[in-house]
Amino acid sequence: MAQQVQGVVAPGRNEPVRVETIVIPDPGPGEAVVKIQACGVCHTDLHYKQGAINDEFPFLLGHEAAGVVESVGEGVTDVAPGDFVILNWRAVCGQCRACLRGRPWYCFDTHNARQKMTLLDGTELSPALGIGAFAEKTLVAAGQCTKVDPAVAPEVAGLLGCGVMAGIGAALNTGNVGRGDTVAVIGCGGVGDAAIVGSRLAGAARIIAVDIDERKLAKAREMGATHTVDSRAGDPVEAVRELTGGFGADVVIEAVGRPETYRQAFYARDLAGTVVLVGVPTPEMKLELPLLDVFGRGGALKSSWYGDCLPSRDFPMLIDLHQQGRIDLGAFVTETIGLGEVEKAFARMHEGDVLRSVVVL
Ligand code: APR
Ligand code: ZN
Ligand code: ZN
């Protein structure tokens, strides 16, 4: 029997989001219905509301979530009702060139849930990033569910569904930060701070946090930065060089998504060092670089999607480290809110003192 629950819907471009009754079908073959316990508010949800991702309104927002599997459809064997799971953006095929390369976020043949969740009048909802988890329940493909230790707090577990995984993975997976490396992280919001946590985990010797906001730099120190650079005080590239014996960092992680910070990342790395781009630019942004610098400096320019994570490997591992007290994912949760407060959380994103607002159900 289809069921009715409450969910946060973005009805149209730049219209305020509202809590609506939505209809969740029973899970079909390969699908699961998940009772959501927590879901973080991410910039991408705001971008959906603004119509910056696509025009497929109305959206069911929320995509950084953890919860308990309620029911599964035909052929589902990896998860069962009662399992505590973290949701990921896409069920991947496991067989295409991208999947076989170990890069599932470039999969050519993803298969999310076939059935649609709807409004009461039958209007189909587009779930944000294929999830739609600012809701009491949501319908996903079973392949979007990764089982983890149910002892962890849901508001902590859910964070691995997007921003925190993107940052930690940028350091561990994409950047391959190693023992003794120097790392510079440009932009210390939730994603940059997670990159700091990942760099520390990897055994980096120096972790240089770069931001334009003193509060962010103070928080970055709490997260494990060993040095901080305020970009407003002077050229951050020079400051990073000074802190690295005049050379530049082995790995620079860019977590802003603007031309000037892309440029800083490019020049703040040591010769043959690695730049990891996590910040997402907008379509009109451009950056001009002398080709001789691109050629001559060597090393690697990499972009990082979802931290190049493999959910079945990385989610349980990071939850385990958190449970052992070796990383503190709880430090990313600034506040917990109700379903009706998502619009307020969007407004607070610009105030600068929030890493994550998390909807708890
Ligand atoms: N130089 C350094 N830091 C900057 C600059 C700049 N020119 N401009 C902004 N910042 C800092 C902000 O002060 C803030 O601390 O970058 C940080 C951005 O953080 P958030 O807005 O909280 O964003 P976050 O969720 O961390 O995501 C960062 O990663 O995944 C992407 O889409 C995401 O592009 C976004 C980026
Ligand atoms: Zn694939
Ligand atoms: Zn997100």
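Quick notes on this structure:
- Scanning segment 60-86 for residues that are buried (at least 24 other Cβ atoms within 10 Å of the Cβ) and among the charged types (D, E, K, R) yields a single hit, E64.
This table checks each residue for (1) touching a helix residue (DSSP H, G or I) at 6+ places or on another chain (Cβ under 7 Å); (2) more than 9 Å from ligand 1 (Cβ to nearest atom).
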| site | (1), (2) |
| --- | --- |
| R206 | no, yes |
| D213 | no, no |
| S231 | no, no |
| R241 | no, yes |
| G246 | no, yes |
| Q264 | yes, no |
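- Close pairs (8 angstrom Cβ cut-off, 6 or more residues apart or separate chains): surrounded by 24 or more Cβ atoms within 10 Å (Cβ to Cβ) in segment 238-257, in a strand (DSSP E or B) and of a type in the set (S, T, Y) anywhere: A249/T182; D250/T182; D250/T274; V251/T182; V251/T274; V252/T274
To keep it simple, each residue is scored yes or no on (1) in a helix (DSSP H, G or I); (2) among the hydrophobic types (A, V, I, L, M, F, W, C); (3) under 22 Å from I319 (Cα atoms); (4) within 16 Å of ligand 3 (Cβ to nearest atom).
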position: C99; (1), (2), (3), (4): yes, yes, no, no
position: G102; (1), (2), (3), (4): no, no, yes, no
position: R114; (1), (2), (3), (4): no, no, no, no
position: G122; (1), (2), (3), (4): no, no, no, no
position: L129; (1), (2), (3), (4): yes, yes, no, yes
position: G143; (1), (2), (3), (4): yes, no, yes, no
position: D149; (1), (2), (3), (4): no, no, yes, no
position: E155; (1), (2), (3), (4): yes, no, yes, yes
position: A166; (1), (2), (3), (4): yes, yes, yes, yes
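- Index of the failed condition, R90 passing every other in (1) more than 19 Å from the chain's Cα centre (by Cα); (2) of a type in the set (K, R); (3) not in a strand (DSSP E or B): (1)
- Among residues of segment 109-124, those that are touching a Lys or Arg at 6+ places or on another chain (Cβ under 6 Å) and either away from ligand 2 (no atom under 16 Å from the Cβ) or of a type in the set (A, V, I, L, M, F, W, C) (or both), counted: 1
- V177 buried (at least 23 other Cβ atoms within 10 Å of the Cβ) and within 16 Å of ligand 1 (Cβ to nearest atom): no
- Subset tally (residues that are surrounded by fewer than 16 Cβ atoms within 10 Å (Cβ to Cβ) and either within 16 Å of ligand 1 (Cβ to nearest atom) or within 21 Å of the chain's Cα centre (by Cα) (or both)) for segment 93-102: 1
- Contacts under 6 angstrom Cβ, first residue in segment 157-168 being under 16 Å from L129 (Cα atoms), partner within 11 Å of ligand 3 (Cβ to nearest atom) and among the β-branched types (V, I, T), 6 or more apart: G163/V191; A166/V191
- Total residues in segment 125-166, condition charged (D, E, K, R) and under 17 Å from A91 (Cα atoms): 1
- Residues that are of a type outside the set (A, V, I, L, M, F, W, C) and surrounded by fewer than 17 Cβ atoms within 10 Å (Cβ to Cβ) within segment 282-298 comprise T282, P283, E284, K286, E288, P290, D293, G296, G298, listed in sequence order.
- Criterion applied to A141, A171 was being within 16 Å of ligand 2 (Cβ to nearest atom), open to solvent by less than 10 Å² (accessible area, probe 1.4 Å) and touching a Ser or Thr at 6+ places or on another chain (Cβ under 9 Å), and the one residue passing it is A141.
- Screening T182, T244, T274 for residues that are in contact with a Gly (Cβ under 7 Å, 6 or more places away or on another chain) and either polar (S, T, N, Q) or assigned by the TED database to the domain that holds I131 (or both) leaves exactly one candidate, T274.
The values are calculated or read from the model by the stated rules, or taken from the named source; none is laboratory data. Quick caveat, the model's predicted, so the values are computed rather than measured. Cβ atoms come from the backbone with ideal geometry, glycine included; neighbour counts cover every protein chain shown. Accessible surface is based on the protein model in full, side chains and every heavy atom, while ligands, DNA and RNA are left aside. Shrake-Rupley method; radii C 1.70, N 1.55, O 1.52, S 1.80 Å.
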